[in-house]
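Participant: First the structure, then my questions, so here it is.
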Amino acid sequence: MTNSGPAAGDLHPAVVEVAVAWMVKLQSGGATAQDHAACEHWRHERPEHAQAWATLSGFSQRLKVLPPSLARNALAAARELELELELELELELDRERAPRRRSLLKGLALVVGTAGIGLASAPDGGWKSLAASHRTSVGERRRLALADGSVLHLNTATALDVRMDGHERCVDLFAGEVLIECARHAGHGAGSAEARPLIVRTAQGRIQAEEGRFIVRKLAAQTFVQALEGWVDVSPGHGQLASRRLVAGRQWTFDARGAGAAEAADGGAGAWVDGLIVARDMPLAALAAELSRYRRGWLRCDAAVARLRISGVFPVDDLHRVVAAIQRTLPVRARARTSWWVTLEAR
């Protein structure tokens, strides 16, 4: 039978992390028959759940062929996540099995550390994300000042490389999202007055601007671009297709073939720089998906409430406050199996 599930590159990090939590739980020695049944239900609930489980099972074999430098980066990420995983699962695992628990956490934290960025990006950029010179973890945001006077604002779970020299200024975005304040910069050579564009490359194409502010977000098989100030030229397929100019107030979500229509910009797309999500008549499922980008774990909506609409300004760093506001505003309740796994359902 042909597997029609999502590729590993399309998996959301939160899905992988829930799979990790289930695996640790079932291998702890204290799992009940009900735990096994609940995990089995989760694995078959959605294709991406089954794919995440399969990814965990086969991941250790793939690590054996990683270049040493990438393996070291993955292990460094694992050390940070190991502490978080251990604190989260401390009450769920038998303290008498501490040595075994730590062994499990070290191995599984490596999976999460790699998946957190690598699996969230396109398949051809997964390992590049691990070796990227600038990365943010889930929930982290960072400001990066460049030598040319430009500023990059990195959103949660972002990985990118920057190259600045006398000939080019280029940003390779492998995963996540970046808001760029592009400073005008003269071309190479004495007396040159020509502006040298700043180029952002993703798996789907390239975006360039001479100055202004714009957002680029890497999606599973698409790239989202929004011009905030000035203009950007977008070239799907890395120059193989005609470019399109976006002026301030316009946005475009495109694939490598240039599919997708430009549209009026969502005025709240850059609010994450200030730690906010601006929702304007947004489906609850879409808000939950956005919030999930900033937390480790799984926040989902039952189908019965997924299409409910909500408006407001929500802080990305305070999920409990946001969930409380949702419950006051809409006829929904939050059911938490663990702090990692929260479901919004009909009240």
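The values are calculated or read from the model by the stated rules, or taken from the named source; none is laboratory data. Keep in mind the model is a prediction, meaning the values are calculated, not measured. Note: ideal-geometry Cβ built from the backbone for every residue, glycine included; neighbour counts use all protein chains shown. Accessible surface areas use protein heavy atoms only, side chains included; no ligands, DNA or RNA. Shrake-Rupley method; radii C 1.70, N 1.55, O 1.52, S 1.80 Å.
Participant: Residues in segment 259-285, backbone N under 12 Å from the label point at V313 (7 Å along the Cα-to-beta-carbon vector): list them, ranges by number please.
Facilitator: 268, 271-272, 274-279
Participant: Hey, how many Å between the Cα centroid of segment 333-347 and the Cα centroid of segment 137-175?
Facilitator: 35 Å
Participant: Want the number for H36 to H320: 0.36 nm per residue separation, take away the alpha-carbon distance, what's left?
Facilitator: My answer for the length gained is 99.4 nm.
Participant: Kindly state, to the nearest 0.05, the FRET efficiency for R328 paired with E168, given R0 = 51 Å and r defined as their beta-carbon distance.
Facilitator: The pair R328/E168 has a calculated efficiency of 0.50.
Participant: Still on this structure: How much length is gained if the chain between A286 and R43 is pulled fully straight, taking 0.36 nm per residue apart and subtracting their Cα-Cα distance, in nm to one decimal?
Facilitator: 85.2 nm is the gain from fully extending A286 to R43.
Participant: What net charge do the residues around I199 carry, taking every other residue with its C-beta under 14 Å from that of I199, with Lys and Arg at +1 and Asp and Glu at -1?
Facilitator: Once positives and negatives cancel, what remains is -3.
Participant: OK, next. Using the Karplus curve 6.51 cos²θ - 1.76 cosθ + 1.60 with θ = phi - 60°, work out ³J(HN,Hα) for each residue of segment 162-178 in order, rounded to whole Hz, and write x for Gly and Pro.
Facilitator: 10, 10, 10, 8, x, 10, 8, 10, 9, 10, 9, 9, 9, 7, x, 8, 9
Participant: Something else about it: Take every DSSP beta bridge with both residues inside segment 249-343 and express the antiparallel ones as a percent of the total, to the nearest 5.
Facilitator: Just about 75 percent of them are antiparallel.
Participant: On to the next question. What Kirkwood hydrodynamic radius do you get for segment 215-268 when you take the inverse of the mean 1/r over all pairs of distinct Cα atoms, in Å?
Facilitator: Across segment 215-268, the inverse of the average 1/r is 11.1 Å.
Participant: Which value, in nm² and rounded to one decimal, describes the direction-averaged projected area of the C-alpha convex hull of segment 130-245?
Facilitator: Over every viewing direction, the Cα hull of segment 130-245 projects on average to 7.3 nm².
Participant: Could you tell me what percent of the accessible area of segment 177-300 is made up of carbon and sulfur, with a 1.4 Å probe and every protein chain present?
Facilitator: Of the solvent-accessible surface of segment 177-300, carbon and sulfur hold 48 percent.
Participant: Net charge near G270: determine it from the other residues with C-beta under 11 Å of the C-beta of G270, scoring Lys and Arg +1 and Asp and Glu -1.
Facilitator: -3
Participant: Once label points are set 7 Å from the Cα along Cα→Cβ at both A259 and R142, what is their separation, rounded to one decimal in nm?
Facilitator: With each label point 7 Å from Cα toward Cβ, the separation is 3.4 nm.
Participant: Computed over the Cα atoms of segment 267-307, what is the convex hull's projected area averaged over all directions, in nm²?
Facilitator: Here the figure is 3.1 nm², rounded to one decimal.
Participant: Could you quote the convex hull projected area for segment 216-321, Cα atoms only and averaged over all directions, in nm²?
Facilitator: Directional mean of the projected Cα hull area for segment 216-321 stands at 7.8 nm².
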